[in-house]
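Comments concern the structure below.
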Amino acid sequence: MKTRVKELRAAAGLTQLQLGRLVHVSVRTINSIEKEANYSPSLMLAYRLAEVFGVTVEELCCLRENLELEDAERRDSRPA
C-alpha cells in the first residue's frame, strides 16, 4: 500500500527510530511501511501516524489513489 509516511517523516526531520518511538512500533515496522512492501498499517497505527504529522488517515495512506489502483487491478484481472 502506498503511503506518505517516508515523505512526511523526512519533512518533519524525524528518523525512523524517532517516529517508531512516537507511535509505539519498531524501526522495522516503520521501514516496512515506507518500503510499501505489502505492509498495510493497522487502523490504529495509521491514526497515530496521521496524528503525529497533522494529516488525515486518508491523506497519510493515499486512500483515493490506492482505491483507484486496486479497482484498476481488479478490472485488469477479470477474464475476457
Whole-number D in µm²/s for the stretch 17-62 (Stokes-Einstein; Kirkwood sum over Cα pairs; 37 °C, 0.692 mPa s): 311 µm²/s
Extended-chain gain in nm, criterion 0.36 nm per residue less alpha-carbon gap, T15 and R74: 17.6 nm
Rounded to 10°, Cα long-axis angle of helix 63-76 versus longest principal axis of the chain: 30 degrees
Apportionment of accessible area to carbon and sulfur, the chain, percent (1.4 Å): 50 percent
Linear extension gain, S26 paired with N38, 0.36 nm per residue minus alpha-carbon span: 2.6 nm
Whole-Hz couplings from phi, Karplus 6.51/-1.76/1.60, listed for the stretch 48-55; x for Gly and Pro: 4, 4, 4, 4, 4, 8, x, 10
Listed candidates [x] 12.2, 37; [y] 13.9, 49; [z] 11.0, 30 - label of the one calculated as Rg and Dmax of the Cα atoms in Å: [y]
Solvent-accessible area per residue for the chain (1.4 angstrom probe, square angstrom): 71 Å²
Centre separation in Å (Cα based) which lies between the stretch 63-80 and the stretch 8-49: 26 Å
Residue-averaged [θ]222 nm for the chain, counting only DSSP H segments that reach four residues, each worth -39500 (n - 2.57): -19000 deg cm²/dmol
J(HN,Hα) series, the stretch 28-36, from Karplus relation 6.51 cos²θ - 1.76 cosθ + 1.60, nearest Hz, glycine and proline x: 4, 5, 4, 4, 5, 5, 5, 7, 6
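The values are calculated or read from the model by the stated rules, or taken from the named source; none is laboratory data. Since we're looking at a predicted model, the values are computed, not measured. Note: areas computed on protein heavy atoms with side chains; ligands, DNA, RNA excluded. Shrake-Rupley method; radii C 1.70, N 1.55, O 1.52, S 1.80 Å.
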